[in-house]
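The values are calculated or read from the model by the stated rules, or taken from the named source; none is laboratory data. Here the structure is a predicted model, which is why all the values come from computation and not from measurement. Here Cβ is always computed from backbone atoms with ideal geometry, including for glycine, and neighbour counts include all displayed protein chains.
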Amino acid sequence: MDRRGFLAGAGLVAAGGVAGSGAAMAASAGATAEGPTARTAVPPGPGAYAATVVFRAAPPTRLLALTIDDGPTRAWTPRLLAILRRHDARATFFRVGERAQAAADLVRQTADAGHEQGNHTWAHDDLTQHDEAFDRGTLERTHELLADLTGQAPALCRPPWGRIDSVGLAVCAGLRYRVALWSQHVTGSNPRGDVDGILRLGSPGSIVLAHDGGPEPNPALMTQLDRMLAAMTDRGYRFVTVSELLAAQG
Ligand SMILES: [Zn+2]
């Protein structure tokens, strides 16, 4: 990864902080020479770039993907790993860089167990509320850390809150990322109902969102994810990583 680009991005983190987070686009317009209604961003270099955004996939067989955001955390990541192991399931963990740095052993353990690591920004940043240098900095810093920890460069980004626009998409295209959103969400507030819905409506290619960090994980969520994995596996489904799911649809 381009070290100069990373350093430039880090420098502008401080500038963005001065501008403040509320109404950040309007407040930072002077610094970025961009108006509040249009954001122009192009990936670096002369190549033709595409930024593919996926909500779900369409594999020919009963495959689906469980994705786990906002960790790693000591409280929940080991529990999820144990649940996944019980069902011989693979998942994709979208990591917050600063949390990965603080719990590097959990990232390595997760990767060693065959789970994919994706990029969820350095500090759970809203990519639509910052300029291009900031977005590149937060994604590249996380990219470098995950590549260093696992020996494998991430191939996917999930923007925090699902928020992304031309600026974040340009940075993702430059990193050759696919942007992975989701088709179902098992929440911390209604995990039983959410899993019931997936058991009714889940189909091959579903991308399910859950969390091992932030406010959502709790014992009921873990119990219900365990139930979902058991029930879908009984129906002949196999849980694979998002990259495997996308590769399977050809
Ligand atoms: Zn998140």
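Would you tally the residues in the stretch 145-176 being closer than 25 Å to Asp105 by Cβ and hydrophobic (A, V, I, L, M, F, W, C)?
8
Can Pro154 be described as in contact (Cβ under 8 Å) with a residue 24 or more places away in the chain, surrounded by 19 or more Cβ atoms within 10 Å (Cβ to Cβ), more than 20 Å from Ala50 (Cβ to Cβ) and not small (Gly, Ala, Ser)?
Judged against the criteria, Pro154 is not a match.
Restricting to the stretch 89-123, count the residues that are charged (D, E, K, R) and within 13 Å of the chain's Cα centre (by Cα).
2
Among (1) touching a Leu at 6+ places or on another chain (Cβ under 7 Å); (2) crowded, with 20+ Cβ neighbours inside 10 Å; (3) among the polar types (S, T, N, Q), where does Ser243 come up short?
The single condition Ser243 does not satisfy is (2).
Taking the condition assigned to a helix (DSSP H, G or I) and farther than 21 Å from Pro44 by Cβ, does Leu139 pass?
Spelling it out, it is not the case that Leu139 is assigned to a helix (DSSP H, G or I) and farther than 21 Å from Pro44 by Cβ.
Would you pick out the residues in the stretch 121-136 that are in a helix (DSSP H, G or I) and of a type in the set (S, T, N, Q)?
Thr128, Gln129
What residue, of Gly236, Gly151, Gly202, Gly197, is more than 26 Å from Leu127 (Cβ to Cβ) and modelled with pLDDT under 95?
Gly202
Inspect the stretch 124-137 for any residue being within 16 Å of the ligand (Cβ to nearest atom), closer than 30 Å to Ala38 by Cα, among the acidic types (Asp, Glu) and surrounded by fewer than 20 Cβ atoms within 10 Å (Cβ to Cβ) and give the result as yes or no.
yes
Looking only at the stretch 197-226, filter to residues that are assigned to a helix (DSSP H, G or I) and surrounded by 15 or more Cβ atoms within 10 Å (Cβ to Cβ); which one of those is farthest from the ligand (Cβ to nearest atom)?
Applying the filter and picking the extreme gives Asp226.
Could you check the stretch 87-120 and list, in sequence order, the residues that are touching a Cys at 6+ places or on another chain (Cβ under 8 Å) and assigned to a loop (DSSP other than H, G, I, E, B)?
Result: His120, single match.
Among (1) without any contact (Cβ under 8 Å) to a residue 24 or more places away in the chain; (2) within 12 Å of the ligand (Cβ to nearest atom), there is one condition Ala82 misses while meeting the rest; what is its number?
(2)
Identify the residue in the stretch 148-169 that is in a helix (DSSP H, G or I) and in contact with a helix residue (DSSP H, G or I) (Cβ under 7 Å, 6 or more places away or on another chain) and, among all such residues, is nearest to the ligand (Cβ to nearest atom).
By that ranking, first place goes to Gly168.
Filter the stretch 173-196 down to the residues that are polar (S, T, N, Q) and surrounded by fewer than 19 Cβ atoms within 10 Å (Cβ to Cβ), then identify the one that is nearest to Thr67 (Cα to Cα).
Result: Thr187.
Determine whether Trp182 is modelled with pLDDT of 95 or more, within 16 Å of the ligand (Cβ to nearest atom), within 27 Å of Asp88 (Cα to Cα) and in a loop (DSSP other than H, G, I, E, B).
yes
Matching residues to (1) modelled with pLDDT under 95; (2) surrounded by fewer than 12 Cβ atoms within 10 Å (Cβ to Cβ); (3) more than 21 Å from Pro159 (Cβ to Cβ); (4) touching a Leu at 6+ places or on another chain (Cβ under 6 Å):
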residue	(1), (2), (3), (4)
Met1	yes, no, no, no
Pro43	yes, no, no, no
Asp69	no, no, no, no
Ala103	no, no, yes, no
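Going through Val186, Val179 one at a time, which residue ends up being hydrophobic (A, V, I, L, M, F, W, C) and within 12 Å of the chain's Cα centre (by Cα)?
Val179
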